[in-house]
1. Kindly provide the set of residues from region 62-90 that are open to solvent by 30 Å² or more (accessible area, probe 1.4 Å) and under 20 Å from Ser24 (Cβ atoms), ordered by number.
2. Please go through region 49-94 and pick out each residue that is assigned to a loop (DSSP other than H, G, I, E, B), over 21 Å from Asp38 (Cα atoms) and of a type in the set (Ser, Thr, Tyr).
3. Restricting to region 4-47, what's the tally of residues that are within 28 Å of Gly74 (Cβ to Cβ), open to solvent by less than 80 Å² (accessible area, probe 1.4 Å) and in a helix (DSSP H, G or I)?
4. Just to be sure I understand the filter: pairs with C-beta atoms under 7 Å, separated by 6 or more residues or on different chains, first member in region 33-62 and touching a residue at least 24 places away in the same chain (Cβ under 8 Å) and over 24 Å from Glu18 (Cα atoms), second member part of a loop (DSSP other than H, G, I, E, B) and open to solvent by 80 Å² or more (accessible area, probe 1.4 Å). Which pairs pass?
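The values are calculated or read from the model by the stated rules, or taken from the named source; none is laboratory data. These figures come from a predicted structure and were not determined experimentally. Backbone-built Cβ (ideal geometry, glycine too); neighbour counts: all protein chains shown. Areas reflect the complete protein model, heavy atoms only, side chains present, ligands, DNA and RNA absent. Shrake-Rupley method; radii C 1.70, N 1.55, O 1.52, S 1.80 Å.
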Amino acid sequence: MIFKDILNHFDIPGEFPEYIMDQSFNEVFLDGNFSKIDDAYKIEITTRQDVTHQMFIRPGDDYPVVIMSRLPNGSLNGMKFGLTEDDVSYINEL
C-alpha cells in the first residue's frame, strides 16, 4: 500500500512531495486509530506482537510524514520523511 492510499482512506487533504505519495507503508495503518489535532493527523495501531506503530501526517511541515514504532522492550525507532527524497532521517532511541 502506498501513502496515497492512506490519504484517500482517511480523507486527509494536503499537498505532499511526489516521492512520499508513492512511498510504500505497512497496511496495518488502514486499521489504525485516526485522530486530528489542528492541522496534523495521527494514525496509531498496536499489533499482536505488542508493537505500537504511529504515523504523523503534517501537511506543509518540513517533515510532513513521521513514522514511529515502539517495541515491547521500550525501544523506539522510525523515519522522518522530508520535502525531498534526500531528506529522510532515521530515528533510533533505546
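1. Tyr63, Asn77, Met79, Lys80, Leu83, Thr84, Glu85, Asp86, Asp87, Val88, Ser89, Tyr90
2. Ser75, Thr84
3. 4
4. Every condition considered, no pair remains.
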